[in-house]
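Read through the structure below, which is laid out as structure tokens, and then see the notes.
The values are calculated or read from the model by the stated rules, or taken from the named source; none is laboratory data. Treat the numbers as computed from the prediction; the structure is a model and nothing was measured. Quick reminder, even Gly has a Cβ in these numbers, built from the backbone with ideal geometry, and neighbours come from all protein chains shown. Ligands, DNA and RNA are excluded from the accessible area calculation, which covers all protein heavy atoms including side chains. Shrake-Rupley method; radii C 1.70, N 1.55, O 1.52, S 1.80 Å.
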Amino acid sequence: GISTGYLSMVFKKETGITVRQYIEDYRIEVAKDRLMHTNDRVQDISASCGFAQHGYFSRVFKQKTGMTPAEFREKHYGRQI
């Protein structure tokens, strides 16, 4: 019985971030784990994490981590988070 606008407002007030930011952050964390522990293609990882476009995934990933998915994998492959 509550609107999405109200829920979004309460979520941001309580967490300091929007629902979209929260979901994006979660998806990037899942992608980081897969990049470190699998040899799956980056395109497959981006799709499995809910990103419809690989290019958008790469842009968001670099914005949030400071490196491309390939750079991240090269630096962290085989390590624990």
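Once every DSSP H run of n ≥ 4 in the chain is given -39500 (n - 2.57) and the sum is divided by its residues, what mean residue ellipticity at 222 nm do you get, rounded to the nearest 500 deg cm²/dmol? Could you put the intermediate results ahead of the total?
Numbers: 5 runs with 58 residues, N = 81.
Rounded to the nearest 500, it is -22000 deg cm²/dmol.
What nm distance separates the two modelled labels at L7 and T65, each placed 7 Å from Cα along Cα→Cβ?
3.0
Relative to the Cα centre, what is the charge dipole magnitude of region 1-69, using +1 at the beta carbon of each Lys and Arg, -1 at the beta carbon of each Asp and Glu, and rounding to the nearest 20 debye?
Working: 10 positive and 7 negative charges, 44 e Å.
With only Lys, Arg, Asp and Glu charged at Cβ, the dipole is about 200 debye.
Over 20 Å between Cα atoms: which of K32/K62; K32/K64; K32/K75 fall into that group?
Details: K32/K62 11 Å; K32/K64 11 Å; K32/K75 11 Å.
Result: no pair exceeds 20 Å.
If you average the C-alpha positions of region 61-75 and of region 1-56 separately, how far apart do those two centres end up, in angstrom?
What the calculation gives is 16 Å, centre to centre.
Loop only by DSSP, 12 or fewer other Cβ within 10 Å of the Cβ. Give me the chymotrypsin sites (Phe, Trp or Tyr not before Pro) in the chain that pass, ordered by residue number. Walk me through the numbers on the way to the answer.
Values: sites: Y6, F11, Y22, Y26, F51, Y56, F57, F61, F72, Y77; in loops: F51, Y77.
Here the sparse-neighbourhood loop sites are Y77.
Of the heavy-atom accessible surface of the chain (probe 1.4 angstrom), what whole percent is carbon and sulfur? Don't skip to the end; give the middle numbers.
Details: 3010 of 5740 Å².
Carbon with sulfur: 52 percent of the solvent-accessible area.
Want the number for S48 to I17: 0.36 nm per residue separation, take away the alpha-carbon distance, what's left? Please list the in-between numbers first.
Working: separation 31, 0.36 × 31 = 11.16 nm, distance 2.36 nm.
Full extension of this stretch gives 8.8 nm more.
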